[in-house]
Amino acid sequence: MGKAEVTKLSDENKMEMFRVINEAAKKYKNRIPDDCYSEPYMPLSELEEEMRKMQFYGYYVRDKLVGVVELQYLSNYDVFLIRHLYVLPEFQRRGIGTELLRFGILKSPTPKIYVGTWKAAEWAIRLYEKNGFLNLGNNRELLRKYWDVPERQVEESIVLEYRGSNV
């Protein structure tokens, strides 16, 4: 791998992905409700299940995985979800999240692109809005339709819809 690049991840990257996701998700501690937060944030068994259903891509800097984005195309709804966008804390605020987000937008086979996040994750909401997403608020109908998450998470989350930007 070169200096910095986005690449498709596979089972051989699983432990690196596990580390990046759970290290970055520590930012949720004391921000989202305590009953929604655990360490690890995404257990290995959940990551393995998600890897079977969705595509993961990683952002590498000098052969080190520093960011992860998960993409899911729901063909029965013609909807594309950008999920689990995480960047290691020491690499945040360097444009890596934006690069992963734009990469996901460009991979979408449909103009209907959504992202869901915790309503308390103001930093993530700002990133999405800055990149052409409109905050639809706590749209429980969409959260229940496109995401398989606990009802408690539905209550505490928002949906953003891609409306276009200078990708």
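The values are calculated or read from the model by the stated rules, or taken from the named source; none is laboratory data. Only a predicted model underlies this, so the values are computations on that prediction, with no experimental measurement involved. Positions of Cβ are generated from backbone atoms using ideal geometry, with glycine treated the same way; all protein chains shown enter the neighbour counts.
Of all residues in segment 1-26, count the ones that are under 22 Å from residue 154 (Cβ atoms) and at pLDDT below 95.
Residues that pass the stated criteria total 0.
What residue, among those in segment 61-85 that are surrounded by 19 or more Cβ atoms within 10 Å (Cβ to Cβ), closer than 15 Å to residue 13 by Cα and of a type outside the set (Asp, Glu), is nearest to the chain's Cα centre (by Cα)?
69
Test residue 41 against the stated conditions and say whether it is over 22 Å from residue 158 (Cα atoms) and surrounded by 13 or more Cβ atoms within 10 Å (Cβ to Cβ).
No; evaluated as a whole, the condition is false for this residue.
Assess whether residue 159 counts as being over 14 Å from residue 101 (Cβ atoms), of a type in the set (Val, Ile, Thr) and surrounded by 18 or more Cβ atoms within 10 Å (Cβ to Cβ).
Answer is yes for this residue.
Show the residue pairs meeting these rules: Cβ distance below 7 Å; 6+ apart or different chains; first residue within segment 92-116 and surrounded by fewer than 17 Cβ atoms within 10 Å (Cβ to Cβ); second residue among the charged types (D, E, K, R) and not in a helix (DSSP H, G or I).
Close Cβ pairs (under 7 Å, with a partner that is among the charged types (D, E, K, R) and not in a helix (DSSP H, G or I)) amount to 110/78; 112/78.
Say we look at segment 128-161 and pick out the residues that are among the hydroxyl-bearing types (Ser, Thr, Tyr) and part of a helix (DSSP H, G or I); which of these is farthest from residue 35 (Cα to Cα)?
128
May I ask you to verify whether residue 113 is in contact with an Asp or Glu (Cβ under 9 Å, 6 or more places away or on another chain), over 24 Å from residue 35 (Cβ atoms) and not polar (S, T, N, Q)?
yes
Is there any pair with a first residue in segment 132-155 that is of a type outside the set (Phe, Trp, Tyr) and a second that is part of a loop (DSSP other than H, G, I, E, B) whose Cβ atoms are under 6 Å apart and which are 6 or more apart or on different chains, and what are they?
132/163; 132/164; 132/165; 134/163
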